[in-house]
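Since the structure comes first, as structure tokens, the remarks are kept for the end.
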Amino acid sequence: MDNGSLMTLPASGISLTWLLRLRWITAVAQTAAILVSMRLLPGELSVAPLLGLVAFGALSNLALMLRMRRPDPVHPALPGLVLGLDILLLTGLLYGSGGPANPFTAIYLVHITLAAVVMRGIWAWALGLLSTAGFGLLFFWNVHIHSLGHMDHGGGGGMSLHLTGMWVAFAITAGLIAAFVGRVTEALRERDAELAALRDLTARQARLAALTMLAAGVAHEMGTPLGTIAVAAKELQRAAEDMGPQGSGISQDAALIRQEVGRCRRILDQMAGPSGSTLGEGFQALAWADLESDLTEGLNDEDRARLVFEWPGLACGPTPRRGLARALRAVLANALEATPRPGQVRVRAMREQASWRLEIADEGSGMAPEVLARAGEPFFSTKPTGAGMGLGLFLARTFAEQLGGELRVDSLLGQGTKVQMTWPQVVHG
């Protein structure tokens, strides 16, 4: 790890490097305060123990700096332990410099605030309780400084009503700080997570828009050559028919070419339209049998026989039928290709509360973890060059997210792959 790099805590935006620098500043400030107090309170302070505590804190900070130079990750509890040590050192310094009469007891609140920002959950409350306990103990045990004594802050020890009120007020303040700052920090963490998800979604939407424009351009450019192929195939079929029985094979091949050209034209028409956008397609009532028909369209008899459909009794309800079928066909094609013949591909839909979940499970070899991590990225494919563009999962995920759902891919090597698409159920108006 580079020495100048930041080691950011996973629970917050605060870095250990930032905490390290703050502790160096604190050590310098504490040393300066002790030296100034020597001049203001001559003969009343035991300077050596106080400077010893400051030196111990500096050594611990040096050890923390050396730990950060190591490449292995830092334990999540380390920041909390460091802040706990700082609270104990502060208690020791206050013990030797007047206890609760020392005006620097307010620094406890700084540590509580840091704990609420840096740590979360029980750690923040534990450090707050540690500060409250340390402050309370100072009322009973401290080195009395005559010049700092006032009202009930004398050296007799014990808890007068005034000191009890101070301690209760401190405990209430500490609790409010831990609760309020912790809540605000957690809200900021959630907002950052939402912004990160929104940025990711926006980036995928931008890539989808670029792909849609590219598809429309391709559809426009491919129209002419496909028309030429269709005309040539028609002329070839006519010539073969004029040849009689000898040209029957050629005639069948020409008819097949024309059939495939027609299929390509239908695909290009879809590409030239509002492809991939659920907002441009109206919602229509969809029965599961209709979706099954859409999914099996264009498949040969052998692949149709390998599909096993499990549909619920309830109707799917209003759904962008064309977009849903297009997204699922891309996933289904991958599953059929991954499953060795005569293995089956299972398609199952189920209702979960107010949403639908549709699973496509194959019997293929599964994905390695590094491949699974990139599944769904545009133009990422493990197929040979020319066998696929790597857009199927990307378009399916984008479609699901446009509907307010999600697409998840689960896969293990040797155990096949399961793709789950969920989307909210639309109630008839």
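Throughout, read-outs are computed from the coordinates displayed, never taken from laboratory work. Treat the numbers as computed from the prediction; the structure is a model and nothing was measured. Neighbour counts run over all protein chains shown; Cβ positions are idealised from the backbone, glycine included.
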Inset, instruction - Scan around Trp356 for amide H atoms under 5 Å from its own, H built in the peptide plane at 1.01 Å from N, and keep only partners 5 or more places away or cross-chain. - result: Trp423, Gln425
Inset, instruction - Provide Met243, Met65, Met421 in ascending order of the number of other Cβ atoms located within 10 Å of each residue's Cβ, fewest first. - result: Met243, Met65, Met421
Legend entry - Shape parameters for region 278-424, alpha-carbon atoms, Rg then Dmax in Å: 14.7, 42
Legend entry - Phi to ³J(HN,Hα) by Karplus 6.51 cos²θ - 1.76 cosθ + 1.60 over region 316-323, Hz, x for Gly, Pro: 5, x, x, 8, x, 4, 5, x
Inset, instruction - Among Met68, Met38, rank each residue by its count of other Cβ atoms within 10 Å, from fewest to most, as a rough exposure measure. - result: Met38, Met68
Inset, instruction - Quick one: order His144, His75 by neighbouring beta-carbon count within 10 Å, fewest to most. - result: His75, His144
Inset, instruction - Starting at the first residue of region 399-413, write each ³J(HN,Hα) from the Karplus equation 6.51 cos²θ - 1.76 cosθ + 1.60 with θ = phi - 60°, in whole Hz, x for Gly and Pro. - result: 4, 4, 5, 5, 7, x, x, 7, 10, 10, 10, 10, 7, 9, 4
Legend entry - Global geometry of region 99-146, whether rounded, prolate or oblate, following the gyration tensor of its Cα atoms and the 1.5 cut on a/c: oblate
Inset, instruction - Could you tell me which of rounded, prolate or oblate describes region 16-158, using a ≥ b ≥ c as the square roots of the eigenvalues of the alpha-carbon gyration tensor, with rounded for a/c under 1.5 and, failing that, prolate when a/b is larger than b/c and oblate otherwise? - result: oblate
